[in-house]
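First comes the structure, then the notes that go with it.
The values are calculated or read from the model by the stated rules, or taken from the named source; none is laboratory data. Please read these numbers as outputs of a predicted model, since none were measured by experiment. Every residue, glycine among them, receives a Cβ derived from its backbone with ideal geometry; neighbour counts consider all protein chains shown. Just so you know, the surface numbers come from the protein's heavy atoms only, side chains and all, with ligands and any DNA or RNA stripped out. Shrake-Rupley method; radii C 1.70, N 1.55, O 1.52, S 1.80 Å.
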Amino acid sequence: MLKKTLTIAGSDTSGGAGMQADLKAFQEHGTYGMVALTVVVTMDPKNWSHSVTPLPTALLQSQIDTALSTGVDAIKTGMLSTEEIIQIASKAIQKSGTDKIVIDPVMVCKGDDEVLNPGNTTAMVNYLLPYATVVTPNLFEAGQLAGVPTPKTIADMQVAAAKIHALGAKNVVIKGGKALAHDKAVDLFFNGTEFKLLETEKVASTYNHGAGCTFAASICANLANGLSVEEAVIEAKEFVSAAI
């Protein structure tokens, strides 16, 4: 029987990221994907600036109730645009009965540099990290969660990962990717005792919109399918690298 995976995330109208990317990744990994939609993100065709429109929280709750009633094997979170939505997601995780939880702490839209809501970081730390089987911040998000400057080196990533783990996340993957000053695309995995570098060749491509969503969704599906956390993360990185 197919494992059931739920994403609590936003809709990316361009189809590259958000729940669209999540559902594609879920299906590619052989799981049955469901969605509880938090926001709708649209883009201005003139300059591709983003507009984020939250859905009513009562509607979000109804979606969550529907999904959980079917039974869920693993949950991923994506864009949670307000503190209230973060709390709703936290309660859903607690009610779900699964301990396979992937938190993708989305704080900005790709191409933008304005944090969606400054209070979200504290809410994520308080309401999501304690339940995270894996948390998958990029460099900026890792700095925000850890309360340190944005990591620029592998040593910086290790410091941030240790701080995030201390906040409750069982496993941390900091996505350095192509942004890190390194000759390869480097992510750092930390399970609380051991750091592991995950390296792939950098790909000269602009078609990487949604890579972070796809990565986290792939981990979620892999966990649902019974892989260990480390196996789930390694396969997800290989999957995303091949996709790019």
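Could you say which residue among 193, 206 is modelled with pLDDT of 75 or more, open to solvent by 70 Å² or more (accessible area, probe 1.4 Å), assigned to a loop (DSSP other than H, G, I, E, B) and out of contact with any Asp or Glu (no Cβ under 7 Å at 6 or more places or on another chain)? Before you say what the answer is, go through the steps one by one.
Numbers: 206 fails: modelled with pLDDT of 75 or more.
Going through 193, 206 in turn, the sole match is 193.
Does residue 3 satisfy being surrounded by fewer than 24 Cβ atoms within 10 Å (Cβ to Cβ) and either in contact (Cβ under 8 Å) with a residue 60 or more places away in the chain or of a type in the set (Phe, Trp, Tyr) (or both)? Before the answer, list the steps.
Values: surrounded by fewer than 24 Cβ atoms within 10 Å (Cβ to Cβ): yes; either in contact (Cβ under 8 Å) with a residue 60 or more places away in the chain or of a type in the set (Phe, Trp, Tyr) (or both): yes.
Taking the combined requirement at face value, the residue satisfies it.
More than 14 Å from the chain's Cα centre (by Cα), of a type in the set (Gly, Ala, Ser) and closer than 20 Å to residue 219 by Cα: is that true of residue 67 in this structure?
yes
Restricting attention to segment 123-157, which residues are open to solvent by 20 Å² or more (accessible area, probe 1.4 Å) and of a type in the set (D, E, K, R)?
152, 156
Only one residue in 21, 17, 36 is at pLDDT below 95, under 14 Å from residue 220 (Cβ atoms) and of a type outside the set (Lys, Arg). Which one? Spell out the reasoning first.
Details: 17 fails: under 14 Å from residue 220 (Cβ atoms); 36 fails: at pLDDT below 95.
Result of the check over 21, 17, 36: 21.
Condition test on residue 97, is it open to solvent by 10 Å² or more (accessible area, probe 1.4 Å), in contact with an Asp or Glu (Cβ under 9 Å, 6 or more places away or on another chain) and among the small types (Gly, Ala, Ser)?
When the stated conditions are applied, residue 97 does not pass them.
Among the residues of segment 132-171, what is the count of those that are in a loop (DSSP other than H, G, I, E, B), free of Cβ contacts under 8 Å to residues at least 60 places away in the same chain and of a type in the set (A, V, I, L, M)? First the steps, then the outcome.
First, pick out the residues of segment 132-171 that are in a loop (DSSP other than H, G, I, E, B): 132-133, 136-137, 147-153, 167-171.
Now drop any that are not free of Cβ contacts under 8 Å to residues at least 60 places away in the same chain, which leaves 132, 137, 147-153, 167-168, 170.
Imposing the further condition that a residue be of a type in the set (A, V, I, L, M) reduces the set to 132, 148, 167.
Total satisfying the criteria: 3.
Could you go through segment 113-121 and let me know if any residue there is at pLDDT 95 or above and more than 22 Å from residue 166 (Cβ to Cβ).
No: zero hits.
If the Cβ limit is 7 Å and pairs must be 6+ apart or interchain, which residue in segment 60-88 that is farther than 20 Å from residue 23 by Cβ and assigned to a helix (DSSP H, G or I) pairs with which residue that is modelled with pLDDT of 95 or more and polar (S, T, N, Q)?
Sorted first by the residue in segment 60-88, then by its partner, the pairs are 84/57; 88/57; 88/61.
Return the only residue of 127, 131 being out of contact with any strand residue (DSSP E or B) (no Cβ under 9 Å at 6 or more places or on another chain) and modelled with pLDDT of 95 or more.
127
If you go through segment 36-59 one residue at a time, how many are open to solvent by 40 Å² or more (accessible area, probe 1.4 Å) and assigned to a strand (DSSP E or B)? Spell out the reasoning first.
Step one: of segment 36-59, the residues open to solvent by 40 Å² or more (accessible area, probe 1.4 Å) are 40, 42, 44-49, 51-54, 56-59.
Then drop every residue that is not assigned to a strand (DSSP E or B), which leaves 40, 42, 51-54.
So the answer is 6.
Select from segment 39-91 the residues that are at pLDDT 95 or above and basic (Lys, Arg) and write down the one among them that is farthest from residue 12 (Cα to Cα).
91
Just checking, does segment 37-53 include any residue being free of Cβ contacts under 8 Å to residues at least 60 places away in the same chain, in contact with a helix residue (DSSP H, G or I) (Cβ under 6 Å, 6 or more places away or on another chain) and more than 22 Å from residue 122 (Cα to Cα)?
No: segment 37-53 contains no residue that is free of Cβ contacts under 8 Å to residues at least 60 places away in the same chain, in contact with a helix residue (DSSP H, G or I) (Cβ under 6 Å, 6 or more places away or on another chain) and more than 22 Å from residue 122 (Cα to Cα).
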